[in-house]
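Structure record follows, encoded as structure tokens.
The values are calculated or read from the model by the stated rules, or taken from the named source; none is laboratory data. Treat the numbers as computed from the prediction; the structure is a model and nothing was measured. We place every Cβ from the backbone using ideal geometry, glycine too, and count neighbours over all the protein chains shown. With ligands, DNA and RNA removed, areas are computed over all heavy atoms of the protein, side chains included. Shrake-Rupley method; radii C 1.70, N 1.55, O 1.52, S 1.80 Å.
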Amino acid sequence: MTSLVAQVVSPVETGHKVWQDQSFIKWRKRDPHVTLHCHESVEGSLRYWYQRNKVDHLVSDSAVWNDDAVQGALDCAAFWVKDLPFIQSLSGLWKFFLAPDPTSVPNKFYGTAFEDSEWETLPVPSNWETHGYDRPIYTNVIYPFPVDPPNVPDDNPTGCYRTHFDIPKEWQGRRILLHFEAVDSAFCAWINGVPVGYSQDSRLPAEFEITDYCYPCVSGKKNVLAVQVFRWSDGSYLEDQDHWWLSGIHRDVLLLSKPQVFIADYFFKSNLAENFTCADIQVEVKIESSLAIPKDKILANFTIEAALYDTGSWYDSEESANLLSSNVANLKLTHSPMGLLGFLGNVLEGKLEMPKLWSAEQPNLYILVLSLKNATGEVVDCESCLVGIRQVSKAPKQLLVNGHPVILRGVNRHEHHPRVGKTNIESCMIKDLVLMKQNNMNSVRNSHYPQHPRWYELCDLFGMYMIDEANIETHGFYLCEHLKHPTQEQSWAAAMMDRVISMVERDKNHACIISWSLGNEASYGPNHSSAAGWVREKDSSRLVHYEGGGSRTTSTDIVCPMYMRVWDIVKIAKDPAEPRPLILCEYSHAMGNSNGNIHEYWEAIDSTFGLQGGFIWDWVDQGLLKDGGDGTKHWAYGGDFGDTPNDLNFCLNGLTWPDRTPHPALHEVKYVYQPIKVSLKESRIKITNTHFFQTTQGLEFSWATQGDGYELGSGVLSLPPIEPQSSYELEWESGPWYSLLASSFAEEIFLTITTTLLHSTRWVEAGHVVSSTQVQFPTTRKILPHVIKTSDAKVVSETLGNMVRVSLPSFWEITWNIQTGSVESWKVGGIPVMNKGIFPCFWRAPTDNDKGGEKKSYYSRWKEARIDSIIYHTKSCSVKSTANDFVKIEVVYVGAPSCEEGSSSHSNAFIHS
């Protein structure tokens with residue numbers, strides 16, 4: 001061990017500031033790959049998924065949003081590796097010291113002899129700012145430090161972590177991998193004083209081989225893991241997303257144990273027949289070996305097997321399921337003549353008859369299990385994952401899932417917890433999915449970075465279409481006209497490519513992902529073009545998405561604008577020269593009292609070929625819990641922590657509060673997103689099933705009628721099952737409500753048709769309201785207006801000093817004040833109906849969305865015009881003309897900003913009898 005320490009020098013100790021060198025993004029970091037589970041057997045892998053898949057809406061009831069979440073995050077870290085004998089979670093309370101900058105880090109703090117008893121403890125995973133160290137910073141566009149790429153400030157808080165661990169004796173003779181699921185923003189790690197790796201990218205894993213640096217299992221010595229985390233690095237220039245800047249080891253830290261020859265990566269693919277009745281299935285497998293065996297000779301001593309298991313019948317009875325009997329397909333090894341993008345020709349193929357297809361409506365899943373056996377037939381390594389059989393393809397102006405142009409009723413989602421920041425808790429993730437599904441959402445965009453691995457499994461299980469997005473955003477460069485965006489600089493190409501490639505390699509087997517995104521608001525240039533080319537060649541089974549550069553570059557398969565006007569998206573959809581579908585990557589900004597015109601978007605989407613939905617911005621208010629100083633806590637936003645610069649409350653633009661309590665606007669979203677549409681045209685009621693894969697057989701239809709605010713009757717509406725993308729029509733007079741309507745004397749009669757679930761699902765109990773629509777019936781009798789009978793009386797006008805009185809004697813009178821030009825009183829039958837006049841005013845309290853857009857915002861333009869400070873003076877008020885049945889009164893106001901002369905405006909009042 002001493003010789004190792006002498007031979008290896010950490011890159012952060014060479015004198016070169018690698019954390020601000022965009023060409024140095026990793027050191028000793030293993031290639032990216034799918035999430036590994038390191039099972040001991042096929043049976044063990046199936047038992048693992050049997051337990052892992054038993055999640056439903058009841059789990060969300062235990063979601064916590066207060067201080068209990070700190071322990072909840074630690075409990076989840078342990079739960080996620082339960083029943084995995086060759087994975088050990090290192091999450092827990094670690095020793096922690098925050099240095100103000102990298103030069104102030106305690107000398108050789110990573111050494112085994114370093115005394116850390118005076119250090120405080122910090123839970124891992126966590127963001128250190130949510131535990132009182134340093135401060136959270138919220139910005140939308142502007143970087144929180146001077147823009148001088150790739151340099152970052154010398155004032156760069158640096159976290160020093162230490163923990164101890166043992167290697168189980170069962171792991172003796174096996175390889176040991178150290179796996180960080182995510183660290184913000186750059187870090188270096190040591191094992192027993194030996195540097196083992198360096199990495200950037202705050203939202204993807206970093207994995208290092210540490211076998212040679214750990215003490216032997218039988219030595220009795222505890223291993224020391226030390227980590228140095230930089231708050232700012234050159235990678236921060238690629239991570240300027242609209243959210244809180246939070247630092248530290250915010251996802252789990254794991255030890256993985258693998259045999260000397262093991263399954264290192266795999267890529268599952270399916271190719272459906274034209275009629276979807278069978279699927280050719282394939283898996284490419286990468287084998288890694290530390291033995292002295294040439295790579296092309298490994299399979300002379302080992303065999304690879306793959307099988308598919310159907311989970312559909314696992315939970316049909318309370319008895320223990322026979323998991324092995326659920327095998328539905330076996331894949332056999334074929335030999336490819338050449339390597340396939342990193343795989344050494346280890347391809348297994350098979351066929352699945354009558355596959356259960358995956359979609360957001362019907363998220364049918366299988367378990368793929370891979371086994372590596374030695375020459376004696378013993379399983380030496382086993383990997384598994386959830387897979388879905390589905391086809392994502394393109395057609396003119398359409399994105400197709402299993403041959404259908406699905407409509408994406410989506411929302412953008414940041415990882416955010418009001419207490420633990422970017423750290424994830426299973427019940428809280430499930431809470432998000434449950435609420436999304438209950439409010440008729442079927443898709444999510446991971447804004448704007450890859451998210452926790454469990455999130456993808458849950459989206460597979462619950463059924464959510466997903467856009468998976470690379471951790472690239474350089475929004476702040478738009479404010480620096482003297483600098484090129486990194487996408488246009490060759491020196492940033494490797495860093496950007498690495499982020500895209502690592503995302504695809506980790507997440508490639510998830511059925512929920514229908515599109516890869518190259519990032520967000522990072523301009524457009526050759527680095528994006530290169531990344532798009534790599535993705536398309538690597539994975540032709542999904543589409544590529546990127547909004548930058550105007551949302552219509554050659555690097556996107558989807559026209560994906562943000563906040564585009566309704567008439568403009570319709571114009572693009574109708575453009576015969578544009579062959580791609582249009583899906584709004586962001587729209588209906590949900591800040592404050594908002595989402596008001598979302599129905600206009602959906603009227604266009606539902607009626608225009610080529611429009612396929614969009615993703616609301618965004619899901620949750622990003623408020624952080626903060627002590628109020630009086631024993632209370634509140635949700636804080638930008639600036640509340642003394643953070644400068646900041647963008648104030650612009651982080652509060654979700655459909656839910658930070659604790660996932662719905663905003664009122666979420667009800668509006670649920671309505672426009674509902675899959676069952678009801679309309680009344682002339683005398684026919686039309687009920688449309690907009691689902692693409694489900695009939696209405698699992699729904700119950702009910703009706704209720706109201707007349708003048710009172711319920712007239714209600715009941716069950718018996719309908720035949722409506723096929724997907726089909727409608728059922730009936731004459732309104734033939735409905736069960738008609739007899740009630742025919743005998744009613746109500747002037748306004750409404751019919752409400754509601755659809756509810758007949759059976760419980762993973763995301764809600766039976767009886768949940770899926771859709772509800774109200775239509776107004778034509779009345780059965782003529783509506784007569786209420787009028788005041790005036791016989792032949794004439795309108796009288798008279799001027800009395802400073803007052804003008806207009807009246808219809810014995811019926812009503814209105815009095816104007818000549819000096820102010822306003823109504824002084826209005827009486828009908830001697831009863832006052834108005835006692836204060838109306839004055840001109842063209843200002844209202846601005847909403848948060850009025851302020852969006854800086855100098856181009858409505859608020860800025862209104863303020864520039866000084867509409868908020870206009871003072872009105874009455875120039876004149878006089879009777880202009882009279883007749884038997886009306887009097888014309890003209891009031892002239894002069895309006896000007898305070899202390900300035902202005903222009904005049906006229907207000908004319910007309911009184912009609």
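List of remarks:
- Options 530, 812, 662, ranked by Cα towards positive dipole end of the chain, top entry (Cβ charges): 812
- Along the axis of the charge dipole computed for the chain (Cβ charges of +1 for Lys and Arg, -1 for Asp and Glu, origin at the Cα centre), the listed residues 802, 541, 833 are led at the positive end by 802.
- Positive minus negative residues near residue 503 (Lys, Arg vs Asp, Glu; Cβ under 13 Å): -1
- For the range 1-114, carbon and sulfur atoms together expose 53% of the accessible surface, with a 1.4 angstrom probe and every protein chain in place.
- Gyration tensor (alpha-carbon) shape descriptor, the range 344-429, a/c threshold 1.5: oblate
- Between the residues 420, 434, 465, the greatest Cα displacement towards the positive end of the dipole of the range 399-512, with unit charges on the Cβ of Lys, Arg, Asp and Glu, is found for 434.
- Euclidean distance of C-alpha centroids, the range 838-864 and the range 33-102, integer Å: 48
- The range 44-191 shape via C-alpha gyration tensor axes, a/c threshold 1.5: oblate
- Label-point gap, in nm, between residue 865 and residue 271 - each point 7 angstrom along Cα→Cβ: 6.2
- Cross-link partners of residue 855 among aspartates and glutamates, defined as those whose alpha carbon lies under 18 angstrom from its own and excluding same-chain residues fewer than eight positions apart: 481, 647, 864, 868.
- Potential lengthening of the chain between residue 93 and residue 324 amounts to 79.2 nm, from the contour at 0.36 nm per residue minus the alpha-carbon distance.
- Mean-position separation - Cα centroids, the range 554-578 and the range 473-522, in angstrom: 22
- Average accessible surface area per residue within the chain, 1.4 Å rolling probe, Å²: 42
- Taking 0.36 nm per residue of sequence separation and removing the Cα-Cα distance, the residue 708/residue 478 pair yields an extension gain of 77.2 nm.
- Annotation: peptides 27-36, 173-182, ranked by per-residue average of other Cβ atoms within 10 Å with the highest first, follow the order 173-182, 27-36.
- Here the spin labels are modelled as points 7 Å beyond Cα on the Cα-Cβ line, and at residue 803 and residue 603 they lie 4.7 nm apart.
- Once the chain from residue 117 to residue 729 is taken as fully extended at 0.36 nm per residue, the excess over their C-alpha distance is 212.7 nm.
- Centre-to-centre, using Cα atoms only, the range 134-165 and the range 207-228 are separated by 29 Å.
- Dipole magnitude of the chain, debye to nearest 20 (Cβ charges: Lys/Arg +1, Asp/Glu -1, about Cα centre): 1160
- Rounded to the nearest 20, the size of the Cβ-charge dipole of the range 1-154 about its Cα centre is 600 debye, with Lys and Arg at +1 and Asp and Glu at -1.
- Quarter the surface of the alpha carbon convex hull of the chain and you get the mean projected area, 48.1 square nanometres.
- Listed peptides 373-381, 201-209, 491-499 appear in the order 201-209, 491-499, 373-381 once ranked by packing, highest mean of other Cβ atoms within 10 Å at the front.
- Whether the range 170-288 is rounded, prolate or oblate, judged on the alpha carbon gyration tensor where a/c under 1.5 counts as rounded: oblate
- Cα-centre dipole for the range 365-418 with unit charges at Cβ (Lys and Arg positive, Asp and Glu negative), debye to 20: 540
- Bridgeable lysines around residue 108 (alpha carbons under 20 Å apart, same-chain partners fewer than 8 residues away excluded): 17, 95, 221, 222.
- Packing order of peptides 726-738, 119-131, highest average first: 119-131, 726-738 (average count of other Cβ atoms within 10 Å over each peptide's residues).
- Inter-site label distance for residue 61 and residue 833 at 7 Å from Cα along Cβ, in nm: 5.4
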